[in-house]
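The values are calculated or read from the model by the stated rules, or taken from the named source; none is laboratory data. Everything quoted here is computed from the prediction, not taken from an experiment. Using ideal geometry, Cβ is built from the backbone for each residue, glycine included, and neighbour counts are taken over all protein chains shown.
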Amino acid sequence: MGQGVMRMAILQKLRQDILAMEGFRMPAENQRVHLGLDSIEEVFPNRVFPTGVIHEFISTEREDAAATSGFMCALLGRLMHRGGLCLWISRNRTLFPPALKFFGIDPDNVIFIDVKSEKDLLWMIEEALSCEALSAVVGEIKDISLTGSRRLQLAVEQSRVTGLLHRISPRNLMNTASVARWKISPLASELEEGLPGVGYARWNVRLERVRNGETGCWQLQWTDHFSRPALPAEQAAVLKTG
Amino acid sequence: MNRRYVAVWLSHLATDHRIILQPELADTAFVLAAPERGRMVIKAADRNAEKQGLETGMAVADARAVFPSLMVLDEKPELARKTLDELAEWCIRFTPIVATDPPDGLVLDSTGCTHLWGGEHAYLKDLLAKLRSKGYATRAAMADTIATAWAVARYSPAASLIPAGGQAAVLAALPPAALRLEAGISERMQKLGFYRIGRFMEMPRSVLRRRFGQDLLVRLDQALGHTGEIIEPIRPAAPYQERLPSLEPIRTAAAIEFGLRKLLEALCQRLAKENKGLRKALLTCYRIDGEIQQIEIGTSSPSSSVEHLFRLFQLKIASIRPALGIDLFELDAPVVEDTDPFQETLWNISGSNDQAAIAELLDRLTARGGRDIVRRYLPQEHYWPERSIKKVSSLTEKPQTAWRTDRPRPVNLLPHPELIQVTAPIPDYPPMQFRYRDKVHKIRKADGPERIEQEWWIAHGLHRDYYCVEDEDGARYWIFRLGPYDENTPEWFIHGFFA
């Protein structure tokens, strides 16, 4: 029995070591980023939202891109909640800076880099990710090769900056070295019955890939924090009667 | 050697400078005014205003009574002072020794310089012509002493060139104020009937001293050349430049880097000592075949860090073509600014942020992508969405007003609103469906309208009625109707996407 426990402990230790070698470092308790949602956080290795790595977001339509931008801003708000600055590197940017305030970010703490040529985009993202003074870096890039993404991953392993890559209508979805790949699409908002108007932003969040974690799919609502929306009224009614 | 001095009087320096800055002022009568003992007093009047009888020292209220359409601008004494300094520096082409004589004069020591212009007359003519062509009303006079030249330039419109030793003759006809006396003394002289300097020039010195003080005698001696007068010439700032000749022609990148580092170390040492940082630097390489190769860098904040500037240059060293070799390097800093010692504390909002590191990162990005790629936004008090934010170039500027969240604003805003076709049931209701990029969206939920009027003092145009709508797929859009429903159907536009 005692041997079994010891083996488990050794395995646990080895797992931790492997994770550390792969670039997951257990953040100190005070530097952890809490999404405020246990059900999402438990699929990640060590049950912590990985920071200091690259997260990749895929969107094809403009509507999905807007939902993805919203979700990314929400994450960014969590990453920047202790203050600090973020770089938003993109080409043909459509993000409207005042909207950041709705996600808990002071828009004047975000520096936008509006790159003129696609060629410079990757170089600039890599350069920004190597800068330890930043809280996070957002890059809007169409395509990225495996080698390119590996360079970014190496940069963040040194600097511990979190990178969010938004790939808008990518031509191909080749394997990349990113730690997680997300896909966000908008969901119809719900208001209390009978109330007119549009409700809070609501998304279908799919975690398609996460290194050393489990994939998942959640429906999330953003007010000024994440929440799981209550079941739709009809379903609730069905449950009650059934 | 007999010394010769030129005194220049820029009679309307402050107003002429304003006209140069704003040429449309040339035809209007305007005055510069500043508050004095609780009222606005004219400090300088331009020539048009002077023709109306307005003069320095008058209260603006009185002047307005005389001349109602008078334009009154704020006086900026430091601006006039700066202009005078610049003009003095410009005058160095006429003589190496130039001094400013505030508030509106210059003194040039022209000893031994005039023969280059072909004589004193041509020298003075050229000086006056150049200054007048810049737009300044100028009078000048040349004499053996500064005081005489000063007096003649201001009080004797006829003469300008006083021959050597001719001070006494010309001074005799001028009023005592021409001797730069204190206001009290010259007033007393007027009262006693000394209207001309000639009346008392020959009087016994002891009498003059007892009545008017030592000061008058000093001034008189200075004017006549019995005692010297000291001027403090301006010293033009030495350019921020370093040179490095090499014994043998340099051809490799490693050697260029070595040379560049040496130059940067020397330049940055000087900058750091003067509390300055460079915004722009230029490396010029003189090749042995006579060609010149140049690379330039810019920084987003003043920097005197060798490491940082070196890295910026490093990105561009590859573009230098040494060909047969380079035998002289020259490093220039054409744009230098004061570094702000408090900058770091302002920027350091959280403990982890290191302003210098970010500024250096931005410099590297702009060095590659161009100066205008870095954007930062601050809120502006406008409802019109395109005008609700303003671009700032500084990294430290803080918002003057709060960011608003009381109205919904989309996360993605189209750079230009795009036309959509809608089906709307009745005026002032949100549409039932709209067609955008060949796809029909049925609207399930809608909020609005939020009417945003065009700000008439900025631009003319129709108002916009914004609706926030959600289609059957759950996607949320920001659409607006341009203008009201009247005889012609208004157009609808899509302007953004909500998250």
Problem - Residue that is nearest to B:GLY496 (Cα to Cα), among those in region A:43-60 that are assigned to a loop (DSSP other than H, G, I, E, B) and free of Cβ contacts under 8 Å to residues at least 40 places away in the same chain - result: A:PHE49
Exercise for the section: Mind listing whichever residues of region A:118-132 are facing chain B (nearest Cβ under 8 Å) and acidic (Asp, Glu)? Expected result: A:ASP120, A:GLU127, A:GLU132
Handout entry: Close pairs from region B:86-102: first surrounded by fewer than 20 Cβ atoms within 10 Å (Cβ to Cβ), partner hydroxyl-bearing (Ser, Thr, Tyr), Cβ under 9 Å, at least 6 apart
Key = B:ILE97/B:SER110; B:ILE97/B:THR111
Handout entry: Of the criteria (1) of a type outside the set (Ser, Thr, Tyr); (2) at pLDDT below 85; (3) surrounded by fewer than 16 Cβ atoms within 10 Å (Cβ to Cβ), which one B:GLN269 fails
Key = (2)
Problem - Complete set of residues in region A:105-114 that are outside any strand (DSSP E or B), touching a strand residue (DSSP E or B) at 6+ places or on another chain (Cβ under 8 Å) and at the interface with chain B (Cβ under 8 Å from one of its Cβ atoms) - result: A:PRO107, A:ASP108, A:ASN109
Practice task
Report whether or not B:ASP126 is charged (D, E, K, R), surrounded by fewer than 20 Cβ atoms within 10 Å (Cβ to Cβ) and touching a residue at least 40 places away in the same chain (Cβ under 8 Å).
Solution key: no
Problem - Residue count, region B:235-288 (criterion: in contact with a helix residue (DSSP H, G or I) (Cβ under 7 Å, 6 or more places away or on another chain), under 30 Å from B:LEU87 (Cβ atoms) and in contact (Cβ under 8 Å) with a residue 60 or more places away in the chain) - result: 4
Exercise for the section: Would you mind stating whether A:ASP106 is of a type in the set (Asp, Glu), surrounded by fewer than 20 Cβ atoms within 10 Å (Cβ to Cβ) and farther than 15 Å from A:LYS142 by Cα? Expected result: yes
Practice task
Count, please, the residues in region B:26-50 that happen to be part of a strand (DSSP E or B), surrounded by fewer than 19 Cβ atoms within 10 Å (Cβ to Cβ) and under 22 Å from the mean Cα position of the chain (by Cα).
Solution key: 1
Practice task
Tell me, please, whether a residue that is over 25 Å from the mean Cα position of the chain (by Cα), of a type outside the set (S, T, N, Q) and either within 17 Å of B:ALA61 (Cβ to Cβ) or part of a strand (DSSP E or B) (or both) can be found in region B:7-23.
Solution key: yes
Completion exercise
Going through region A:88-104 in order, the residues found to be closer than 13 Å to B:TYR377 by Cα and either facing chain B (nearest Cβ under 7 Å) or touching a Cys at 6+ places or on another chain (Cβ under 8 Å) (or both) are A:LEU95, A:PHE96, A:PRO97, A:PRO98, A:ALA99, A:LEU100, A:LYS101
Exercise for the section: Take B:ALA153 and decide whether it is part of a helix (DSSP H, G or I), in contact (Cβ under 8 Å) with a residue 40 or more places away in the chain and farther than 18 Å from B:GLY228 by Cα. Expected result: yes
Exercise for the section: Being away from chain A (no Cβ under 14 Å), loosely packed, with under 14 Cβ neighbours inside 10 Å and out of contact with any Gly (no Cβ under 9 Å at 6 or more places or on another chain) is the filter; apply it to region B:452-481 and report the residue that is modelled with the highest pLDDT. Expected result: B:GLU453
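Let's see how each residue does on (1) buried (at least 19 other Cβ atoms within 10 Å of the Cβ); (2) among the β-branched types (Val, Ile, Thr); (3) within 13 Å of chain B (Cβ to nearest Cβ); (4) part of a strand (DSSP E or B):
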position: A:GLY36; (1), (2), (3), (4): no, no, no, no
position: A:ALA65; (1), (2), (3), (4): yes, no, yes, no
position: A:SER69; (1), (2), (3), (4): yes, no, yes, no
position: A:LEU75; (1), (2), (3), (4): yes, no, yes, no
position: A:ARG82; (1), (2), (3), (4): no, no, yes, no
position: A:LYS116; (1), (2), (3), (4): no, no, yes, no
position: A:LEU134; (1), (2), (3), (4): yes, no, yes, no
position: A:VAL138; (1), (2), (3), (4): yes, yes, yes, yes
position: A:ILE144; (1), (2), (3), (4): yes, yes, no, no
Completion exercise
Counting only residues that are of a type outside the set (Lys, Arg) and touching a strand residue (DSSP E or B) at 6+ places or on another chain (Cβ under 8 Å), region B:21-68 contains a total of 26
Practice task
Could you please find all residues in region A:214-242 being in a loop (DSSP other than H, G, I, E, B), surrounded by 13 or more Cβ atoms within 10 Å (Cβ to Cβ) and modelled with pLDDT of 60 or more?
Solution key: A:HIS225, A:PRO229
